[in-house]
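Visitor: Starting off with a structure, shown below.
The values are calculated or read from the model by the stated rules, or taken from the named source; none is laboratory data. A quick note: this is a predicted structure, and the numbers were derived from the prediction, not measured. Positions of Cβ are generated from backbone atoms using ideal geometry, with glycine treated the same way; all protein chains shown enter the neighbour counts. Remember, those area values only see protein heavy atoms, side chains included, never the ligands or the DNA or RNA. Shrake-Rupley method; radii C 1.70, N 1.55, O 1.52, S 1.80 Å.
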There are 2 protein chains.
Amino acid sequence: MVTLKHLAEQLNVSVSTVSKALKNSEEISPETIERVQALAKFLNYKPNRLAVSLKSSRTNTIGVIIPNILNHFFAKALFAIEQEASKHGYNIITCLSNEKQSKETDSLQLLSNGSVDGFIVSIAEETQINNNLDHLNAIIRQNIPLVLFDRVSDEINCDKVVIDDFGAANEATNHLVSEGRKNIILIGDIENLSVGKLRTNGYLDAIEKASGYSENPKVYTIKKKDKVEDVVTQLFDENPKVDAIISIDNVSGVAALQKALQLNYKVPEDLSIIGFSDENVLPFTYPKLSTISQHTIDIGKSSVSLLIDRLKNEDETDKMKTKTIKTNLVLRGTTK
Amino acid sequence: MVTLKHLAEQLNVSVSTVSKALKNSEEISPETIERVQALAKFLNYKPNRLAVSLKSSRTNTIGVIIPNILNHFFAKALFAIEQEASKHGYNIITCLSNEKQSKETDSLQLLSNGSVDGFIVSIAEETQINNNLDHLNAIIRQNIPLVLFDRVSDEINCDKVVIDDFGAANEATNHLVSEGRKNIILIGDIENLSVGKLRTNGYLDAIEKASGYSENPKVYTIKKKDKVEDVVTQLFDENPKVDAIISIDNVSGVAALQKALQLNYKVPEDLSIIGFSDENVLPFTYPKLSTISQHTIDIGKSSVSLLIDRLKNEDETDKMKTKTIKTNLVLRGTTK
DNA sequence: TTGAAAGCGCTAACAT
DNA sequence: ATGTTAGCGCTTTCAA
């Protein structure tokens, strides 16, 4: 690896001269600058990031902790985060908590010692269930900027990026009611999560307030040990007269649609289905799934923006911000 | 941030004593060790990784460059890489080339200055098309260990992890022939990639050698600008008598299946379909898609293993290894 | 215009 | 058993 020292020796000047020359410092004569830069280029000199960071206490690196990269929502969020970070000259160190609190804690600990300038985190399922947030609050106490997205907590005082989960599910349910549906069932695998609870409440609220709706609300939860397909099958077994399904995660809607078609329900004549996802998880189904569309790219980008703003004004004690990203109800082929 | 110096001052000992005490050095008295570790724990001391790395020239970080995180194959590979790396005490810095050569080059450059100990890379599409591999060979010239996976090149002398693309497609095609299929069509969106070419050749070879097969081989390519669905539709329009489809990417098989069902083909009676993917991209279709199954977790894990081996024996000039991960032909519902 | 020196936080060889 | 020193590669103040 070629260092300033190498260059300095080759050129018979001091290290500090080289350093300044590479930065086009006014202090250095044009000829020297020329010579230094020429050699640097020739030898493909690149400043050692570790040394620069150690010196400056800035790493230009963001630690990103994602619960589950196999979930398309998080893959897309990571995509957006990387793109936006990269645009601003930041690298990302990615850790995957795999929904485990221990992994989340370890990653946070490991990186909070000068490895990153700040964190973007979506909270692991286990952490949300236990509601043990010490490790996250420890980061805040160390004054390391933190942005939470999607899976957030009121008990952590930091910048956040969320969607209006309650409102989105509420709107979708209201749409189904306005279609004249009388037996609307909710299905999902995220009841443990903050977002899952909000979405479920949005559904319950809409059902409760629906005039002329007599059925009780029904919620089917897919647990870790369950197979999505089995729960879907059970739903249809137990509710042959179901006329609308709202899915609050990004796979069970597709599963419900496939099962419904297999059982010869007419979609959307007999049965409406609304999924919850960034875009159609399966763009190839027929009919195409209607969805509550969350703008995942915006979620990722906003997270980076909030973090970088905070990084720039670390002294300023701005109030922490919560940014809510709009959702859309996109009616495609599985609603009337 | 609490440093050795802080601890040393508080305890009235020298920095080096603290450093050694934290490592349970024999040189230090048990009492001192006790005192030091107690305070370190109390103050939640964590060694600064930058300083340790700068000193030791080892970062315990792997640079991972992925062409497209929205492709489930790469998401899963990243999942496996992170898991295996983490198991061995390595962090990963993730860069997404988004199939662009420029981004791939930038990331490689940026991280090759002491930020990472080695790289795991799958080559961007643009890079493979242009076949401009200077940036990768530059890494090798700097003696930075590099492992390529999936999308590799003969012109780069490094460790590699691949699957037997030719053999897998060959076997799948032979299966279709043995089913008695007479009009087997290949579809895919990766003709530009090394793996795409190999898979296509595997198909062509099988067709050529199939006794009693009279049709010419037919290949449908989905270009960047095309929509998968449109190409699938075109395939069925132009070949109403198609009786088997083999997909060499991980989405077009699903699209073909959905389209076939919509067109009222009987699957698998009239038409067999074989996809190419880790697992069923859409586990909810009916019938379930038969696939060439690539063991993506193994691909990711092996990449990490090869890299770590190389890192441990950087002096040893072992021959570079290419590891081939087995594939399986998994016959589910879309083959006879 | 250039260079010397200190220091970021840590380790390790070499005193004491 | 503990401390001093030098140095990883870089930046920056201060001196020449």
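Visitor: Using only the Cα atoms of the protein assembly as shown, construct the convex hull and provide its projected area averaged over every direction, in square nanometres to one decimal.
Guide: 35.0
Visitor: Further question on the same structure: How would A:VAL147, B:VAL251 rank on accessible area, largest to smallest, probe 1.4 Å?
Guide: Highest to lowest solvent-accessible surface, that is B:VAL251, A:VAL147.
Visitor: If you don't mind, there's one more thing I want to ask. For B:TYR286, what accessible area in Å² do you get when you roll a 1.4 Å probe over the heavy atoms of the protein chains, rounding to the nearest 10?
Guide: About 130 Å², ignoring ligands and nucleic acids.
Visitor: Based on the Cβ-Cβ distance from B:GLU269 to A:ASP298, what FRET efficiency comes out when R0 is 51 Å, to the nearest 0.05?
Guide: The value I calculate is 0.65.
Visitor: When only alpha-carbon atoms count, how far does region B:48-137 stretch along each of its three principal axes, as whole angstroms with the largest first?
Guide: 41, 27, 16
Visitor: Let me ask something else. Sort B:ASP318, B:ASP249 from largest to smallest accessible area, using a 1.4 Å probe on the heavy atoms of the protein chains.
Guide: From most accessible down to least: B:ASP318, B:ASP249.
Visitor: Need one number: % antiparallel among DSSP beta bridges in the protein assembly as shown, to the nearest 5.
Guide: 10
Visitor: Right, something else. Write down Rg/Rh for chain B, rounded to two decimals, with Rg from the C-alpha atoms and Rh from the Kirkwood relation over Cα pairs.
Guide: 1.14
Visitor: Right, something else. Of the listed pairs A:LYS224/A:LYS259; A:LYS103/B:LYS41; B:LYS197/B:LYS224; A:LYS41/A:LYS301, which have alpha-carbon separations greater than 24 Å here?
Guide: Result: A:LYS41/A:LYS301 exceed 24 Å.
Visitor: Same structure again: Over the Cα atoms of region B:80-122, each weighted equally, I'd like the Debye log10 I(q)/I(0) at q = 0.14, 0.15, 0.22, 0.30 Å⁻¹, rounded to two decimals.
Guide: Evaluating at q = 0.14, 0.15, 0.22, 0.30 Å⁻¹ gives log10 I(q)/I(0) of -0.35, -0.40, -0.78, -1.11.
Visitor: What trypsin sites (Lys or Arg not before Pro) does region A:21-82 have in DSSP loop regions with at most 14 other beta carbons within 10 Å?
Guide: When the trypsin sites (Lys or Arg not before Pro) of region A:21-82 are filtered for loop state and at most 14 Cβ neighbours within 10 Å, A:LYS23, A:ARG58 remain.
Visitor: Can I ask one more? What distance in nm lies between label points placed 7 Å from Cα along the C-beta direction at A:SER14 and B:ASN24?
Guide: Between A:SER14 and B:ASN24, the simple spin-label model gives 4.6 nm.
Visitor: Pairs of Cα atoms under 8 Å, at least six residues apart: use those to get the relative contact order of chain A, whole percent.
Guide: Relative contact order for chain A comes out at 16 percent.
Visitor: Now for a different question. Place the label 7 angstrom along Cα→C-beta at B:LYS23 and in each other copy, then list the distances from the first to the rest in nm, shortest first.
Guide: Taking the point 7 Å beyond Cα along Cα→Cβ, the inter-copy spacings are 3.3 nm.
Visitor: I've got another one for you. To one decimal in nm, how far is B:LYS55 from the same spot in the other copies, if labels go 7 Å from Cα toward Cβ? Please give the shortest first.
Guide: When each copy's label point is compared with this one, the spacings are 2.0 nm.
Visitor: Counting only residues 5 or more places away or on other chains, whose amide H sits under 5 Å from the amide H of A:LEU329 once H atoms are built in the peptide plane?
Guide: A:SER293
Visitor: Given the options B:VAL116, B:VAL52, B:VAL18, state which has the largest fluctuation in a GNM of chain B using a 10 Å cut-off (strictly under) for Cα springs.
Guide: Of the options given, B:VAL18 has the highest mean-square fluctuation.
Visitor: Something else now. In chain A, what percentage of the DSSP-assigned beta bridges are antiparallel, given to the nearest 5?
Guide: Restricted to chain A, the bridges split so that about 10 percent are antiparallel.
Visitor: Another question, then. What are the nm distances, shortest first, from A:PRO240 to its equivalents in the other copies, labels at 7 Å along Cα→Cβ?
Guide: The projected label point of A:PRO240 is separated from its counterparts by 3.9 nm.
Visitor: May I ask you to evaluate 6.51 cos²θ - 1.76 cosθ + 1.60, the Karplus curve with θ = phi - 60°, for each residue of region A:21-37 and list the ³J(HN,Hα) values in order in whole Hz, giving x for glycine and proline?
Guide: Listing the rounded values in order: 4, 5, 9, 6, 5, 4, 5, 9, 5, x, 5, 5, 4, 3, 4, 4, 5 Hz.
Visitor: Non-local amide H neighbours of A:ILE120 (under 5 Å, H modeled in plane, Pro and chain starts lacking H): which ones?
Guide: A:GLY63, A:VAL64, A:ILE65, A:VAL147
Visitor: Still on this structure: Does anything in region A:305-319 have its amide N under 20 Å from the 7 Å Cα→Cβ label point of B:HIS6, and if so which residues?
Guide: Output list for this probe position: A:314-315.
Visitor: How big is the convex hull of the Cα atoms of region A:197-250, per residue, in Å³?
Guide: 93
Visitor: What do you get for the angle between helix B:101-111 and the principal long axis of chain B? Use alpha-carbon atoms, 0 to 90 degrees, nearest ten.
Guide: 20
Visitor: So how far apart, in nm, are the two label points at A:THR233 and B:GLN142 if each is 7 Å from Cα heading toward Cβ?
Guide: 5.5
Visitor: So how far apart, in nm, are the two label points at A:SER305 and A:LYS55 if each is 7 Å from Cα heading toward Cβ?
Guide: Reported label-point gap for A:SER305 and A:LYS55 is 3.4 nm.
Visitor: Also, quick follow-up: Relative to the longest principal Cα axis of chain B, at what angle does helix B:228-238 sit, 0 to 90 degrees, rounded to 10?
Guide: Tilt of helix B:228-238: around 20 degrees.
Visitor: While we're on this one: How large is the Kirkwood hydrodynamic radius of region A:134-196, in angstrom, based on all distinct alpha carbon pairs?
Guide: Radius from the Kirkwood sum: 14.3 Å.
Visitor: When chain B is treated as a GNM, springs tying every alpha-carbon pair under 10 Å, which of B:ILE246, B:ILE190, B:ILE28 comes out with the largest mean-square fluctuation?
Guide: Fluctuation is largest for B:ILE28.
Visitor: Relative to the longest principal axis of chain B, what angle (0 to 90°, nearest 10) does the C-alpha long axis of helix B:72-87 take?
Guide: 30
Visitor: Would you mind pulling out the separation of the Cα centroids of region A:119-156 and region B:20-75, in Å?
Guide: Between the Cα centres of region A:119-156 and region B:20-75 lies a distance of 22 Å.
Visitor: Tell me which residues come under 5 Å, amide H to amide H, from B:ASN60 once H is placed; ignore anything under 5 positions away on its chain.
Guide: HN-HN under 5 Å from B:ASN60: B:ASP117.
Visitor: Ok, one more. B:ILE308 accessible area, nearest 10 Å², 1.4 Å probe?
Guide: Ignoring ligands and nucleic acids, B:ILE308 comes out at about 10 Å².
Visitor: Then there is this: At a probe size of 1.4 Å, how large is the accessible area of B:THR200, to the nearest 10 Å²?
Guide: We get 20 Å² for B:THR200.
Visitor: If region B:204-282 were replaced by its equivalent ellipsoid, with semi-axes equal to the square roots of 5 times the Cα gyration tensor eigenvalues, what would those be, largest first, whole Å?
Guide: 20, 15, 14
Visitor: Go through region B:151-157 residue by residue and turn each phi into a ³J(HN,Hα) via Karplus (6.51, -1.76, 1.60, θ = phi - 60°); whole Hz please, and just put x for glycine and proline.
Guide: 8, 10, 8, 5, 8, 10, 8
Visitor: Another question, then. Over the Cα atoms of region A:225-265, Rg to Rh with Kirkwood Rh, two decimal places?
Guide: Dividing the radius of gyration by the Kirkwood radius yields 0.92.
Visitor: Continuing with the same structure: Please list A:HIS175, B:HIS6 from largest to smallest accessible area, probe radius 1.4 Å, with all protein chains kept in place.
Guide: B:HIS6, A:HIS175
Visitor: Quick one: work out Rg over Rh on the C-alpha atoms of region B:228-336, Rh as Kirkwood radius.
Guide: With Rh from the inverse mean 1/r over Cα pairs, Rg/Rh is 1.19.
Visitor: Using a Gaussian network model of chain B whose springs link C-alpha atoms within less than 10 Å, name the residue from B:ALA40, B:ALA138, B:ALA80 with the highest mean-square fluctuation.
Guide: B:ALA40
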